[in-house]
Amino acid sequence: MFDKRTIISFAVAAALLPALAGCGCSNSQNTQTEDAQSQQEQAQQEQAQQEQGEPVGIANPFIDCASAMEASSVAGFDVSFPESVPGYNQRFYQAIEGKLAQCFYSNGDTRVLVRKGTGSEDISGDYNEYPQVNQVNVGDVTVTEKGNDNLVYCAIWTKDGFSFAIDADTGLEASVIEGIVGSTL
């Protein structure tokens, strides 16, 4: 009926077919199972950390400070922030050790942020494009003011190896911005 070669070929094919089919499926299934187990273990670890009060995720580098003096101490350099910004009655200080100090001025709904940091990069955190960009001189520094509708939303400048920035949620008049700049020099 069948010659010896045909029988051997069928036998080899029959022996290899489950092995080949099993390899393809088990790798995919094993990988999916391992991924699911890994995700489940990670979720369990995060849950345990939360229950124990441990932080989960990326650590916040900002340290809350009670005063400009404390922010200066944490940052490692002298800072000078204005006592107040017109229309904003609350102040809140933060610093990043050895890098940056900042003060938030708030009126409950909006805020103005004033920052000082090491280096000469733009530390405003505001990378919007504004239709109005002006450079003005305040004291011995040149300030770049960015905004629209004659309001300044972002101002940046550098002096003596430090970067400075003002970020205003709803914009401020240029004269107010320039007063803030003057108080930081």
Subject >> Single unsatisfied condition, Lys99 versus (1) without any contact (Cβ under 8 Å) to a residue 40 or more places away in the chain; (2) charged (D, E, K, R); (3) surrounded by 17 or more Cβ atoms within 10 Å (Cβ to Cβ); (4) closer than 25 Å to Ser73 by Cα >> reply: (3)
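Each row is one residue, and each column tells you yes or no for (1) modelled with pLDDT under 50; (2) on the phi > 0 side of the Ramachandran plot; (3) in a loop (DSSP other than H, G, I, E, B); (4) not assigned by TED's automatic domain parsing to the domain that holds Glu173.
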{"site": "Gln32", "(1), (2), (3), (4)": "yes, no, no, yes"}
{"site": "Ala43", "(1), (2), (3), (4)": "no, no, no, yes"}
{"site": "Phe77", "(1), (2), (3), (4)": "no, no, yes, no"}
{"site": "Cys103", "(1), (2), (3), (4)": "no, no, no, no"}
{"site": "Val114", "(1), (2), (3), (4)": "no, no, no, no"}
Original post:
Would you call Thr110 crowded, with 16+ Cβ neighbours inside 10 Å, touching a residue at least 40 places away in the same chain (Cβ under 8 Å) and hydroxyl-bearing (Ser, Thr, Tyr)?
Top reply: no
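Under the condition of being of a type outside the set (A, V, I, L, M) and over 16 Å from the mean Cα position of the chain (by Cα), which residue from the range 113-128 is surrounded by the most Cβ atoms within 10 Å (Cβ to Cβ)? Full working, then the answer.
Residues of the range 113-128 that are of a type outside the set (A, V, I, L, M), as a first pass: 115-122, 124-128.
Still in the list and also over 16 Å from the mean Cα position of the chain (by Cα): 116, 118-120.
Values: Lys116: 24, Thr118: 16, Gly119: 12, Ser120: 11.
Looking at residues that are of a type outside the set (A, V, I, L, M) and over 16 Å from the mean Cα position of the chain (by Cα), I get Lys116.
The values are calculated or read from the model by the stated rules, or taken from the named source; none is laboratory data. Predicted model only: the values in this text are computed from it and were never measured. Here Cβ is always computed from backbone atoms with ideal geometry, including for glycine, and neighbour counts include all displayed protein chains.
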